[in-house]
Structures are given as structure tokens and as C-alpha cells.
Amino acid sequence: MGAWFLFSCNCGYAARVSGMPDMGFIAESVTMECLDCKEIHNIVTNYFNEEDDDGNTGKCPECKGDNLVPWGQIDRYDKSDKDRYDCPKCGDQMVRNEDYQVLYD
């Protein structure tokens, strides 16, 4: 089971993403910033069942591009100084809302 959190910036941009590598019952994903459309998304990196693959593995769900860079917590269990929470709109640091969490399969 995976989890989504609400990350927000002082500029008004917000994203509902895992913020780290994650997995549910169908696929594995990692949170990434799309440098083309300047959005943060959970990007599917692997489907557990080949039949679930829609051909968009490793692509931005917004623009279908693959100009992606890791965003958020690099390792699921261990925060490090390499973690990256930069806002894609203004470059400021985004903050996770501790009161918002959605669990999914």
C-alpha cells in the first residue's frame, strides 16, 4: 500500500504525491519533477503485471515527456542531505502538510 501527501509552496503551488519511491499492489513509482511542464508527479517505473502497462512507464502523465528529475526524498526510509523539495514554479522549498495523507492500493 502506498501513500500520498500534500506538498505546498509559499508561491501557491501544491502537489499531492508520495514524495519518495513508493509502491502499491499494481506498480512501483518515484516522485519526479517534469522539466518540460514544470509539474511534480508520481512516475510509474515498473508494473508488476505486464498487462497493466499502458505504454507510459517512465513518462510524465501531464505532457507524456521523459525530461524528468528525481524530486523529494531519494530513499524511502532514510532522509538525507540529497533530498530535494524545490518548487518547480519558483525554486523555493516545498513543505509536506503533516495533516494530509491518502493511502492507496
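Numbers at a glance
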item: Within segment 86-95, tally of residues that are surrounded by fewer than 16 Cβ atoms within 10 Å (Cβ to Cβ) and within 20 Å of A3 (Cα to Cα); result: 1
item: Test: G91 is among the small types (G, A, S), under 16 Å from A14 (Cα atoms) and part of a loop (DSSP other than H, G, I, E, B); result: yes
item: Residue within segment 67-87 that is in contact with a Ser or Thr (Cβ under 7 Å, 6 or more places away or on another chain) and assigned to a loop (DSSP other than H, G, I, E, B) present; result: yes
item: Single residue of Y85, Y77 found to be under 19 Å from C9 (Cβ atoms), modelled with pLDDT under 95 and of a type in the set (S, T, Y); result: Y85
item: Condition broken by N56, with the remaining ones in (1) modelled with pLDDT of 95 or more; (2) over 28 Å from N97 (Cα atoms); (3) among the polar types (S, T, N, Q) satisfied; result: (1)
item: Counted residues, segment 37-66 - those being closer than 28 Å to V95 by Cβ, in contact (Cβ under 8 Å) with a residue 24 or more places away in the chain and not in a strand (DSSP E or B); result: 6
item: Residues located in segment 3-36, provided they are in a strand (DSSP E or B), crowded, with 19+ Cβ neighbours inside 10 Å and polar (S, T, N, Q); result: S29, T31
item: Whichever residue in segment 4-22 is of a type in the set (A, V, I, L, M) and touching a Lys or Arg at 6+ places or on another chain (Cβ under 9 Å) and, among such residues, is modelled with the highest pLDDT; result: L6
item: Qualifying positions in segment 49-85 - surrounded by 12 or more Cβ atoms within 10 Å (Cβ to Cβ) and either aromatic (F, W, Y) or in contact with a helix residue (DSSP H, G or I) (Cβ under 6 Å, 6 or more places away or on another chain) (or both); result: W71, Y85
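The values are calculated or read from the model by the stated rules, or taken from the named source; none is laboratory data. Keep in mind that this is a model prediction, so the values were computed, not measured. For neighbour counting, all protein chains shown are included, and Cβ atoms are generated from backbone atoms with ideal geometry for every residue, glycine included.
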